[in-house]
Amino acid sequence: MNTITYLKDISPVKKVFGIAAFLFGLYSFLFFSFFGLLFIALGANLLLSEGSEVNLQNQTYRSIKSIFGIRFGKWKPCPDFEYVSVFKTKENQTLRFVTLETTLQSDIIQVNLFYNTNKHITIYKTEDKAAAFNVAERFKSVFDIEIFDATEK
């Protein structure tokens, strides 16, 4: 595995609405009018996922947007990384429907690559501590950097 990819998960509800809007828009566009393009764009936006990808062999990275498994983003050379940080944090996800809104909070573990003292790239998120440290170990060996463990208080 020469490439490590992180894509933010899309909630199941968002997937259902995205697929429904996309298919309705496609049907409307093909059989009725250009108005269907609006629903195609809405569905595509709901199905769009963001993340990052690091090519360990070429030592390049990119911020990516992915839809239907197709990834977009410009490759950049990796900066001189100082250390890799594994830390526990909380992630909020806000769900909205017309006038109703709720925020769900979950514990996650992030893996960040730090450079230029305080700049970082989030390269991986998971709920599994062992998986996070496996990814951090890969970066440690490739970039010859230390791991900073901030998962415990």
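The values are calculated or read from the model by the stated rules, or taken from the named source; none is laboratory data. As the structure is a computational prediction, the values presented were derived from the model and not from experiment. Positions of Cβ are generated from backbone atoms using ideal geometry, with glycine treated the same way; all protein chains shown enter the neighbour counts.
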Check whether at least one residue in the range 2-9 is surrounded by 16 or more Cβ atoms within 10 Å (Cβ to Cβ) and without any contact (Cβ under 8 Å) to a residue 24 or more places away in the chain, and report yes or no.
no
Grab the strands (runs of 3 or more DSSP E) fully contained in the range 98-153, keeping just those with 2 or more residues being touching a residue at least 24 places away in the same chain (Cβ under 8 Å) and within 22 Å of residue 2 (Cβ to Cβ).
100-115, 119-126
Hey, does the range 79-90 have a residue that's more than 30 Å from residue 115 (Cα to Cα), at pLDDT 85 or above and not hydroxyl-bearing (Ser, Thr, Tyr)?
no
When you go through 83, 115, 61 one by one, which is the residue that is touching a Cys at 6+ places or on another chain (Cβ under 6 Å) and over 20 Å from residue 9 (Cβ atoms)?
61
Restricted to the range 135-153 and to residues being aliphatic (A, V, I, L, M) and touching a helix residue (DSSP H, G or I) at 6+ places or on another chain (Cβ under 9 Å), the residue surrounded by the fewest Cβ atoms within 10 Å (Cβ to Cβ) is 147
Subset of the range 34-89 (residues that are over 13 Å from residue 123 (Cα atoms), under 13 Å from the mean Cα position of the chain (by Cα) and assigned to a strand (DSSP E or B))
49, 65, 66, 67, 71, 72
Within the range 17-48, the count of residues that are of a type in the set (S, T, N, Q) and surrounded by fewer than 17 Cβ atoms within 10 Å (Cβ to Cβ) comes to 2
